[in-house]
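Just so it is clear, none of the values below were taken in a lab; they were calculated from the coordinates. Every value quoted in this text rests on a predicted model; they were computed, and no experiment measured them. A quick note on method: Cβ atoms are made from the backbone with ideal geometry, for glycine too, and the neighbour counts reach across all protein chains shown.
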Amino acid sequence: MIRTAQQALQRLREGNRRFVEHGTDGISFEALKAWEQVGKDQAPSAIILGCSDSRVPAEIIFDQGLGDLFVIRVAGNVVAPSQIGSVEFAAEKFGTRLVVVLGHSCCGAVSATLDELERPSERRSHSLSSIVNRIRPSVETLLESGAFTDRDKLLDTAIRANIRSSVQHLRQGSLILEGLIANSGLRVVGAEYSLATGAVDFFDTLDVEAQA
């Protein structure tokens, strides 16, 4: 049984390595062998706050199965009250001790935010604007710095900045999560999935790896 954040992180790394090496042919979906047990209860080893992008299915890219992951998906992997509440629920209810904010390359939500900052649109829907406005603070300073002449480099940096912003929001935006981090071994880390290679790059994880 997975009991620590470090164990959960190692399991995700190993699963992603299998996915990169073997693709969908190597997916084990071990939990499918224990359908009856999973139906009675769940004990996910990690909470994944990921983007809704259809090309980034967490269970597949980490080679995990039914009951292994508690997955929350929203465009741009942004953090809003409902996402915080979902993370709090899983961390308290199931004792899961690893939260991964999973972004990905070529993120459309981050790209849309950059477009909005460069060319504001009055026709954007209110609901979509709520997502853009949550991404805006983490990328606005990058655009204003004028340090990026290459759009692809700007987008890559903005995606990382947005992931880190969500990580910090979870670490410092909930008294429940703050308490679990301080006293119960909960860890929140950032990660980026490459659409080109299938590899997941975990970063901002020193607080987890120090537990090894």
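Treat the count of other C-beta atoms within 10 Å as a stand-in for reagent exposure and order I72, I60 from fewest to most.
I60, I72
How about the stretch 52-134: which trypsin sites (Lys or Arg not before Pro) there are in a DSSP loop, with at most 10 other Cβ atoms within 10 Å of their Cβ?
R123
Rounding to the nearest 20 debye, state how big the charge dipole of the stretch 5-209 is about its Cα centre with +1 on each Lys and Arg Cβ and -1 on each Asp and Glu Cβ.
It comes to approximately 240 debye.
Within 10 Å, count the other beta carbons around each residue, average over each peptide in 145-157, 168-180, and list them highest first.
Going from most to least packed, we get 168-180, 145-157.
Rounded if a/c is under 1.5, else prolate if a/b beats b/c, else oblate: with a ≥ b ≥ c from the C-alpha gyration tensor eigenvalues square-rooted, which is the stretch 32-180?
It comes out prolate by the Cα gyration axes.
Convex hull volume of the Cα atoms in the stretch 106-203, per residue, in Å³?
125
Once a ≥ b ≥ c are taken as the square roots of the eigenvalues of the Cα gyration tensor of the stretch 58-127, is the result rounded (a/c under 1.5), prolate (a/b larger than b/c) or oblate (a/b not larger than b/c)?
In terms of gyration-tensor shape, prolate.
Exposure proxy check: V101, V78 ranked by fewest other beta carbons within 10 Å?
V78, V101
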